[in-house]
Amino acid sequence: MPVTKSFIAGEWIGEQKAKVLHSAINGDSVAYTHDEPLDFKKAVEYGRKVGGKNLLAMDFQERALALKAMAIYLQEHRKKLYALSMHTGSSKSDNGIDIDGGFGTLFYYSSMGRRELPSGNVVHEGPVTPLGKSNHFAGTHILVPRGGVAVHINAFNFPVWGMLEKFAPTFLAGMPCIVKPATSTCYVTEMAVRLMQESGALPEGSLQLIIGSTGDLFDHLEEQDVVTFTGSAATARKLRNHPNIINRSIPFNAEADSLNCAVLAPDVKPEHEEFDVFVREIRHEMVAKAGQKCTAIRRILVPHEQVDAICDKLREQLSEITVGDPSVEGVRMGALASMDQLADVRANIEELLKTSELVIGGDGSFKPVGQGTEKGAFIEPHLLLCRNPENGCGAHDIEAFGPVATVIPYNTLDEAVELVAKGRGSLVTTITTRDPETIASLAPRLAAYHGRLHLLDAEAAKESTGHGSPLPMLKHGGPGRAGGGEELGGIRAVLHYLQRTAIQGSPTMLAAVTREYVRGAKVIESDIHPFRFHFEDLQVNQSLLTHRRTVTEADLVNFGCLSGDHFYMHFDEIAARNSQFGKRIAHGYFVLSAAAGMFVHPAEGPVLANYGLDTLRFIEPVAPGDTIRARLTCKRKIDQGRSSPDGHPQGVVVWDVQVTNQNYELVASYDILTLVAKKPE
Ligand code: NDP
């Protein structure tokens, strides 16, 4: 039986056996933790020096590509993870959440990073704000990778996703990670780290793994480091209050217990499709990962008159769930992660039963299917009913981290809001109603207590990703009892690992720092048109000031006839005279087209395609008789490592365009997005 190893300072450590880890399915010994002590001072220094240096030798775009390479490698070797994960009690569909969900998060952060982050290691968070009257002094913000290590402490329930959902944004940001999985399922995380290592895409020092205790790790953390935590509120409190975390203002992000709700609105009746949708969602949330999800539904708020109907339906559906060894055909729900966890859940059910009654579960008839399962950590779904919540309801305080939920009746929606709030802040609540007005009044009131709201009606149910599934593009985390933290949410997660700094200076200096053209900065002009340069040769600030063009009435007429846009402002002299401009003006789209006509170089060249415009504003009107010209300046270059469909490497170039009139007033302002070919090899 293998010893699960730590991976510290480039070495796998762990020959001597310490604690034995048991299969949640049959109690067999699966692995050992190791006994060797770890040198945490060395680990953090190695992370900062070696990992940090190697990560910053790459840029955002290269790290995004590395995430994809890791995800592909992990995907190719997923069976190794499935095989181990079985021992944690996971069913096949649970593996879909933990293992494939983890890969999905890597893929998402890879493509999001390539889309939204620049080349280089400085994110420019504009806009630039002029701070002087003549634009010689301006201010803006930049975001740069923090110079420390990120310590991620994870819960037992998602040994793969739990690591990857934190690793992906950290890696993309350019910070090295030290990951500490929960001991009971750490052997699955160890395999995932081994595979990431084998993929060849992980730079040395960028990921270290701690098996077992964190020892004196927190004593060695410094101001540039970050800690994130997922687990119980008690541990979160303890770690958050570590003197070194407080004294050095080290950011600490927590995801803790959460007593999530599902609320059935009074307008939904048993004959409505929404009623079944609601029941299905609850059944799914109780059964997936055997209810060991921080997002699982714990409190089911139902109008008094629907309590019996809901309990009957859930009793019927939950009694059909086969619990046991997930490798046996037909098994829908696996085991809890460990016997300790089973004892915990049972104790919490006992507590809950002080204010509730059982609807299903706990009658002594339960037997998990499969050989040896009598030694496994199995428990059947337990649905409870708290008939008189006004006399106290344990479900507002006690989280049984298993397939356990409590039905709580309410009289009015105001009362439902009060009951939800008794959870003191949750990760997610599902609201089921058929009435948009009910949602419009309920959602904003509940939002204050939640990280996410899942609005589930029959229409959404066709495609809903589910109450309990945090998605990489949406925020995960909740206020109050849920830990007060925030994870995922697309680019937001990356920002946690970047330092935001305001910078002030001349536009030329701001452009040098941000590696983006800033209006007012010195431009580079030459006899060669900017469109004639390949991606590598083009420089940010390279610029072209075009010839002039006087707009005529014929332009308006021709453009109107060509486009079919005969809006009165361009064609009706009387109506236009009565407008705020007092005269006929040119189509905004004509100004854009005329500007393109002035700045485009017509010959076949490295500029391959124009794929859109950003930040377009028409600032001053252009009328017949006005004379316009354009300034085109290379604003930003992004090397995404992409090639055209026929295999030619190319990069993204964003051009700043300013169209001005004869009075030097800006009439149109926008960014053009283009693809530009790299030099032929
Ligand atoms: P714990 O808080 O005990 O453990 C969470 C993580 O913290 C584990 O990796 C654990 O390691 C580590 N840890 C524990 N004590 C320390 C310490 N003193 N210093 C450093 N690390 C420490 O929670 P569990 O995982 O045991 O789960 C218990 C409860 O947490 C669940 O019943 C549930 O209520 C809640 N939970 C919440 C989740 C969420 O996302 N909101 C997810 C999972 C659980 P080790 O395993 O080695 O002790």
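Details
- Filtered by the rule that a residue be within 9 Å of the ligand (Cβ to nearest atom) and of a type in the set (S, T, N, Q), the range 204-217 gives SER213, THR214.
Residue by residue, here is whether (1) away from the ligand (no atom under 14 Å from the Cβ); (2) part of a strand (DSSP E or B) holds:
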site	(1), (2)
ASP340	no, no
ASN348	no, no
LYS367	yes, no
PHE378	yes, no
VAL428	no, yes
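- Odd one out for LEU164, checked against (1) within 23 Å of TYR517 (Cα to Cα); (2) within 16 Å of the ligand (Cβ to nearest atom): (1)
- Being within 15 Å of the ligand (Cβ to nearest atom), without any contact (Cβ under 8 Å) to a residue 24 or more places away in the chain and either outside any helix (DSSP H, G or I) or farther than 15 Å from TRP161 by Cα (or both) is a property that SER184 lacks.
- Residues considered: THR406, THR432. Of these, the only one that is in contact (Cβ under 8 Å) with a residue 12 or more places away in the chain, surrounded by 17 or more Cβ atoms within 10 Å (Cβ to Cβ) and touching a Phe, Trp or Tyr at 6+ places or on another chain (Cβ under 9 Å) is THR432.
- Condition met for GLU198 (surrounded by fewer than 16 Cβ atoms within 10 Å (Cβ to Cβ), among the charged types (D, E, K, R), touching a residue at least 60 places away in the same chain (Cβ under 8 Å) and farther than 30 Å from PRO436 by Cα): yes
- Residue count for the range 34-48 satisfying the condition of being assigned to a loop (DSSP other than H, G, I, E, B) and either of a type in the set (Asp, Glu) or free of Cβ contacts under 8 Å to residues at least 40 places away in the same chain (or both): 3.
- Residues in the range 380-406 that are in a loop (DSSP other than H, G, I, E, B) and either among the aliphatic types (A, V, I, L, M) or on the phi > 0 side of the Ramachandran plot (or both) were compared, and the one that is farthest from the chain's Cα centre (by Cα) is GLY392.
- The set of residues from the range 121-153 being part of a loop (DSSP other than H, G, I, E, B), touching a Leu at 6+ places or on another chain (Cβ under 9 Å) and hydrophobic (A, V, I, L, M, F, W, C) comprises VAL122, PHE137, VAL149.
- Among the criteria (1) under 30 Å from GLN341 (Cα atoms); (2) in contact with a strand residue (DSSP E or B) (Cβ under 9 Å, 6 or more places away or on another chain); (3) away from the ligand (no atom under 16 Å from the Cβ), the one GLY423 does not fulfil is (3).
- Test: residue in the range 514-529 that is within 26 Å of the chain's Cα centre (by Cα), of a type outside the set (Asp, Glu) and surrounded by fewer than 19 Cβ atoms within 10 Å (Cβ to Cβ): no
- Hits in the range 218-236 - residues which are surrounded by 22 or more Cβ atoms within 10 Å (Cβ to Cβ), near the ligand (Cβ under 9 Å from one of its atoms) and within 22 Å of GLY52 (Cβ to Cβ): PHE229
- Boolean, MET175 is touching a residue at least 60 places away in the same chain (Cβ under 8 Å), among the aliphatic types (A, V, I, L, M), buried (at least 24 other Cβ atoms within 10 Å of the Cβ) and within 16 Å of the ligand (Cβ to nearest atom): no
- Matching option when the condition is modelled with pLDDT of 95 or more, surrounded by 18 or more Cβ atoms within 10 Å (Cβ to Cβ) and away from the ligand (no atom under 16 Å from the Cβ), among VAL331, VAL302: VAL302
- Cross-chain or 6+ apart pairs with Cβ under 6 Å, the range 606-625 first and over 18 Å from PRO530 (Cα atoms), then surrounded by 14 or more Cβ atoms within 10 Å (Cβ to Cβ) and among the acidic types (Asp, Glu): ASP614/ASP671; THR615/ASP671
The values are calculated or read from the model by the stated rules, or taken from the named source; none is laboratory data. Remember, it's a predicted structure, so these values are computed and weren't measured experimentally. Note that each Cβ is placed from the backbone with ideal geometry, even for glycine, and that neighbours are counted across all protein chains shown.
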